[in-house]
Amino acid sequence: MKRAGGSEAGGFSLIEVVFALTFLAVGILAVASMIPAGTRGVTQSRVLTSGLMSAQVKLEELKGKDYTPLAAGTFSDTTSVFTRTWVVTDSIPMAGCKKIDVTSRWTDSHGTQTAQLVSYVTR
């Protein structure tokens, strides 16, 4: 389009601006709808990490004990939202060795979750 003086007019029409703003709004709403899913994923990962850490703390405590006082059997305790169960088995996989199996259980929005760690100690 030319002006009266012979120069061309620049800029955007009102319709172009409305279309650009509409596309921008749709894009922003699409990204905003993904934020709750990301937040749920971060929360679930945090709880899983805490459950694993609960089992790891108990496993390290048991591995730090001397071989002889480490009694065979099944034991459990509860820490905050986690129920830890540990099983000490004699002579597995061979004589002079004890197997330690620690399981941490908790309930979240996805149901009952578990984390299990296994280690061995020798004389």
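The values are calculated or read from the model by the stated rules, or taken from the named source; none is laboratory data. Note that the structure is a prediction, hence the values are computed from the model and not measured. Here the Cβ is made from the backbone with ideal geometry for all residues, glycine too, and neighbour counts use every protein chain on show. Heads up: the accessible areas ignore ligands, DNA and RNA and are worked out on the full protein's heavy atoms, side chains in. Shrake-Rupley method; radii C 1.70, N 1.55, O 1.52, S 1.80 Å.
Worth pointing out:
- Annotation: Asp90 fulfils all but one of (1) open to solvent by less than 50 Å² (accessible area, probe 1.4 Å); (2) over 27 Å from the mean Cα position of the chain (by Cα); (3) among the charged types (D, E, K, R); the unmet one is (1).
- Subset of region 62-87 that is open to solvent by 80 Å² or more (accessible area, probe 1.4 Å) and in contact with a helix residue (DSSP H, G or I) (Cβ under 9 Å, 6 or more places away or on another chain) - its residue that is modelled with the lowest pLDDT: Ser80
- Elements of type strands (runs of 3 or more DSSP E) contained in region 60-121, each with 2 or more residues being farther than 25 Å from Ser50 by Cβ and of a type outside the set (Asp, Glu): 97-108
- Inside region 41-61, residues that are free of Cβ contacts under 8 Å to residues at least 12 places away in the same chain and open to solvent by 50 Å² or more (accessible area, probe 1.4 Å) make up a count of 9.
- Scan region 93-107 for residues that are under 20 Å from Val47 (Cα atoms) and either open to solvent by 40 Å² or more (accessible area, probe 1.4 Å) or touching a Leu at 6+ places or on another chain (Cβ under 6 Å) (or both) and the total you get is 3.
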